[in-house]
Amino acid sequence: MTSMRAWLAAAAMVTALSLTGAGSAEAQGIPQNIPRKELLILENPEGTIKNAGWFNIWAINAGSQSNGLQQAALDTLWYIDPEKGIDGAWDNSLAAAKPEYNADFTEMRVKLRRGLFWSDGVEFTSADVKATVDIQIKHPNMRFSAVLANNVASVEAPDAETVIFKLKRPNSRFHTNFTVRWGAIWILPKHVFEKVEDPSKFDFNKPVTLSAYTLHSFDPDGKWYIWQLRDDWQRTSLGRFGKPGPKYLAYVDPGPPDKRVIAQLNNELDVIHDISPEGMFRLAKEGKGSRGWFKGFPYGHPDPTLAGVIFNTQNENLKNRDVRWALALTIDVKAVMMAAYRGAATISAIPVPPTGIHPEAYHKPMEAWVKDFEIDTGKQKIKPYDPTVAKQITDMLRPSMGDQIPKDETEIANSFGLGWWRTNPQAAAELLERAGFRRQNNQWMTPDGKPFTIRLMVEGDLRPVMTRAGTMIVQQWRQAGIDARIDVAQGTLLTRRAAGDFDAFIGWSVETWGGHQDLSYFMDSWHSAFVAEPGKPQPLRNWQRWSHPELDRIIEAIRKIDFDDPKGIELGKEYVKLVTREMPLIPLMSYNVFTAMDHTYWTGFPTAENPYANPVTNWGNSRYMFVRLKPAN
Amino acid sequence: MRAYFSYVCKRLAQFVLVVFIGINLTYIITHATPIDPVEQSISAVTAFGSTAPESIAEMRRSLQELYGLQGSWFEQYVSFWKRIVRADFGPSLSAFPAPVSSLIARALPWTLGLLVFATVVSWVLGNLLGGLAGYYRKNMGLKVVGVIAMGLHPVPYYIVALVLMIIFGFIWPVLPITGGSAMNLEHGWNWPFIVSVLKHSVLPALSLVLIGVGSWFLGMRSLVSNIVTEDHVVYAEVAGVDSRRILGSYVIRNALAPQVTGLAMSLGGIFNGAVITEKVFGYPGMGSLLVDGVYAGDYGLVLGVTTISIIGVSLGVLVIDLLYPLIDPRIQVPS
């Protein structure tokens, strides 16, 4: 018995010692040996980086991009802010002016800023831009090799501040490759890479930087990266806007969403990239300094990305637009929005994200057309648009969210969108019947007599908000007599989406600049020339595998006009009308990112009231935030 | 001795066969995955860009060449075995061109440090307390320990981990809840780093120990409860042998044999990492590496981690099998 007691005591002592020893410490969630008032801590949504010491962003998928590398260290010719920008959405960054094309868009001339320096003291010149192109064309395994080799016949640097791109064929949008919307082709330091034998296998550690920060330290296990403000920050393109507030930036992997919430409540994570709606509600309630893009509901930052139901239009049952419209008319978007975002989202009936410049360029000007838009079901003509849906959503939310829900119509439109398609089971049934479908024992049968089944692919836990939306839509389709099922493709989505191995999936194929009206960013890849045969890998974005002669005409017309040509908006409206009629995808809402900003240590974050930049931490554009941040008192 | 030598040879041959079959099965499973590493890489690269479709097609061709995915199935299989015998798992496809071996070398010490400690502590505590509880069946304190062990044992691991995290990371925030060490400390044999690593391992280790102890405790108590009724124990008690000697030499020693086998298998299995622990506590290690490899379709990485695990478990069992005939007189090598 004596030995037993001794053992119990020892066990108790071990436990007590471990807790006591730990209890004397503070929570260790912030970088050590750096004054907190000089440090901004941001989430790197890439998580833990396997290849932590790799900083060569020009190699394909080899290391991290959003560990601060593209936000704080690298630079390129132009930026377009998805919001309003500090000095307008367009920013000439390394370039001194907008690109100049010749008449047939086969040559692009760029004037560069002078007086900008790499972090090792070497001056940035046109030779760096030329090397960025030449090196990647010479080494076909690099990230931008293919796009540059396909477009560029030659690049010249006649003097230190001029670059002339000779293109292989007309391309009025070639400059967009060097224009940041999240990322772009970043300029590499010629004086470093020209000494490297194989640039695709060069780790670029320690990176020589061109933007205002340089690498301070990083975790070999890939959990954190710390960047330090350069002493010569004035000699960078960001220096035009003043001295960045934080001397240090830490991009960290804070772990799953619940830990991000805890970290911000403990003031150990200043900017969360994204969390669940519930996490955001908790922070808004309990985090004294936390807030989202909107001060109150719906909190989240609407990305210039349109979430929707994307059909595989090569699927026999989904080739007919009547079927696609019938599926749209069985959806109650209010229930979908509540299921996905607990109501905290901005809806869109048309295939353009309701964010950035688009509500002014497309949604509001086209509201009259959408209201008058008619569908002939064969038995009746209906006007499916209900302009009051956003207002109905606010009415649903007000009892639980109270004063956070706006009452002013303009504010409702800005936060929640305008209208959407009215649920109309009768019209949906008539459309299905016209398509040859028959109802049998409350179950829709296809024209060849089989049950009408549709698998809606979702990403599961990897994208919970979209999974919730998909689950609600499947439930609504099943109630309408369609054999709909959730198809979880957790981890396999990218492969299956490219191969067209789905009936429909919930995600996005429409992404825009946000701060610019041009729609070519996503639309150019929707040309029929790029639609793959069933089973073959589909190139970028046209996941619906949909083509239409009218769409080809619009795309080809956009290719022939300048990026800023006002005709672009008119062509964009033609696209909206065509896609609305054909419904290859059902637009739902903007993809809201619940970026939570803690004002305990820093103030001046971009918000809906002061939308000077995109705060979402992994966007290259988020760098503009640094120059507006001030230490809190 | 000759019989034992023959036994060793047979077991070694079995070991090689098990490892060979295990690695082949892993090869087949990883290559049957619907995840295409080329598409994963392309999607990661182009998810946020406006790269033209014809450029994507070209990138696809380049990546297939770069990743060595060209050639027939048989050619790839032969090339795989050529590398394996040189202990070269090739490059990671999701962190190209970093070699898989370097990724594993970075993750393995974290996994070994945490899991060897947690496994051994759980085993020692669980078996000791279980042994005592089985022998001193009327002791109130040990009955309470038994109730706690039975209560904790069925609780899902992630619940225990989350509860610990919320208590010590949020309600009473005295312990770090993420990472393997504090940020901005130099990794190496320096005191601040060592202390930081120890602090960061407290919660992950505690969560593993709390769950692990229960399992060993219940197993050991049950074994001891049977042994104490056996003739040699009863005879010793009747003969007035000291109870500590009975417990140590006649009871626990006899009950330990299956527990030692369990320990060897547990130690062998730690090379897989503790996936949930690493995810919940953001702890660096083999588990996270394995999960990331699976999601990215990174054959090389998955094969590297699982091969080490297969060898670890097989080796653990082999060592125990070879030692048993030497340490336990009840086990005889067939002549």
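Taken together, the values in this text are just the output of simple stated rules run on the coordinates, not laboratory data. Being a predicted model, the structure only gives us computed values, none of them experimental. A quick note on method: Cβ atoms are made from the backbone with ideal geometry, for glycine too, and the neighbour counts reach across all protein chains shown.
Taking a straight Cα-Cα cut-off under 16 Å and skipping sequence neighbours fewer than 8 places away in the same chain, the lysines within cross-link reach of A:K381 are A:K371. The mean count of C-beta atoms from other chains within 10 Å of the C-beta of residues in B:26-38, rounded to a whole number, is 2.
If we count every other residue with Cβ under 13 angstrom of A:A73's Cβ, Lys/Arg +1 and Asp/Glu -1, where does the sum land? Its environment carries a net charge of +1. Using all pairs of distinct alpha-carbon atoms, the Kirkwood hydrodynamic radius of region A:302-593 works out to 19.3 angstrom. With point charges of +1 on the Cβ of Lys and Arg and -1 on the Cβ of Asp and Glu, referenced to the Cα centre of region A:302-593, which listed residue (A:L431, A:F373, A:M337) lies farthest in the positive direction of the dipole? Result: A:L431, furthest along the dipole toward the positive end. Assuming a ≥ b ≥ c are the square roots of the Cα gyration tensor eigenvalues, decide whether region B:32-130 counts as rounded (a/c under 1.5), prolate (otherwise, with a/b larger than b/c) or oblate. Prolate is the answer for region B:32-130, as a/c is 1.5 or above and a/b outweighs b/c.
The relative contact order of region B:71-208, computed from alpha carbon pairs under 8 Å that lie at least 6 residues apart in sequence, is 19 percent. Only Lys, Arg, Asp and Glu carry charge here, each on its Cβ (+1 for the first two, -1 for the last two); on that basis chain B has a dipole of about 1040 debye about its Cα centre. Which translational diffusion coefficient, to the nearest whole µm²/s, is obtained for chain B from the Stokes-Einstein equation, given a Kirkwood hydrodynamic radius over C-alpha pairs, 37 °C and 0.692 mPa s? It diffuses with D of about 141 µm²/s by this estimate. Taking amide H atoms as placed 1.01 Å from N in the peptide plane, the amide H of B:D36 lies under 5 Å from those of A:T495, each 5 or more residues away in sequence or on another chain. When +1 charges are put on Lys and Arg Cβ atoms and -1 charges on Asp and Glu Cβ atoms, the dipole computed for region A:353-494 relative to its Cα centre reaches about 540 debye. Our analysis of region B:109-293 gives Rg over Rh at 1.07, with the two radii drawn from alpha carbon positions and Rh computed by the Kirkwood formula.
The phi-based Karplus calculation (6.51 cos²θ - 1.76 cosθ + 1.60; θ = phi - 60°) puts the 3J(HN,Hα) values of region B:77-87 at 5, 5, 4, 4, 5, 4, 6, 4, 5, 9, 6 Hz, whole numbers, x for Gly and Pro. Applied to region A:230-244, the Karplus parametrisation 6.51 cos²θ - 1.76 cosθ + 1.60 on θ = phi - 60° returns per-residue 3J(HN,Hα) values of 5, 4, 9, 4, 5, 8, 10, 5, 6, x, 4, 9, x, 6, x Hz, with x for Gly and Pro. Residues whose amide H comes within less than 5 Å of that of A:V458, counting only those at least five positions distant or on another chain, are A:D487, A:V488, A:A489 (H built at 1.01 Å from N in the peptide plane).
Ranked by the mean number of other Cβ atoms within 10 Å of their residues, highest first, the peptides B:190-200, B:204-214 fall in the order B:204-214, B:190-200.
One quarter of the convex hull surface built on the alpha carbon atoms of the protein assembly as shown amounts to 45.9 nm², the projected area averaged over directions. Put in line by how crowded their Cβ is, counting other Cβ atoms within 10 Å and starting with the fewest, A:T467, A:T600 read A:T600, A:T467.
Within region A:212-370, the proportion of C-alpha pairs whose separation exceeds 28 Å stands at 47%.
Note: relative contact order over region B:109-293, using C-alpha pairs below 8 Å and six or more positions apart, is 35 percent.
Backbone amide hydrogens, once placed in the peptide plane, bring A:Y213 within less than 5 Å of A:R230, excluding anything fewer than 5 places away on its chain.
Counting, for every residue in A:491-502, the Cβ atoms of other protein chains within 10 Å of its Cβ and taking the mean gives 5. Between B:F193 and B:R83, the C-beta separation translates, for a Förster distance of 35 Å, into a calculated FRET efficiency of about 0.55. The relative contact order of chain B, computed from alpha carbon pairs under 8 Å that lie at least 6 residues apart in sequence, is 28 percent. Judged by the mean number of other Cβ atoms found within 10 Å, the most tightly packed of the peptides A:415-427, A:194-206, B:252-264, A:296-308 leads the ranking A:296-308, A:415-427, B:252-264, A:194-206. Only aspartates and glutamates eight or more places from A:K288 in sequence, or on another chain, were considered; those with a Cα closer than 12 Å are A:D598. The lysines whose alpha-carbon is closer than 19 Å to the alpha-carbon of A:K319, local same-chain residues fewer than 8 away aside, are A:K450, A:K536, A:K577.
How much mean residue ellipticity at 222 nm does chain B get from its helices, if each DSSP H run of length 4 or more adds -39500 (n - 2.57) and you divide by all residues, to the nearest 500 deg cm²/dmol? Only helices count here, giving -24000 deg cm²/dmol.
Using only side-chain charges placed at the Cβ, +1 for Lys and Arg and -1 for Asp and Glu, the dipole size of chain A relative to its Cα centre rounds to 720 debye.
Across peptide A:34-47, the mean count of Cβ atoms from other chains lying within 10 Å of each residue's own Cβ comes to 1. ³J(HN,Hα) across region B:161-173 via Karplus (A = 6.51, B = -1.76, C = 1.60, θ = phi - 60°), whole Hz, x for Gly/Pro? Coupling constants for region B:161-173: 4, 5, 4, 4, 5, 5, 5, 8, x, 10, 5, 10, x Hz. With bins 5 Å wide beginning at 0, the percent of Cα pairs of region A:158-271 falling in each bin runs 2, 8, 12, 14, 19, 17, 12, 7, 5, 2, 1, 0. Sorted into 10 angstrom bins from 0, the C-alpha pair distances of region A:353-471 split as 11, 25, 33, 25, 7, 0 percent.
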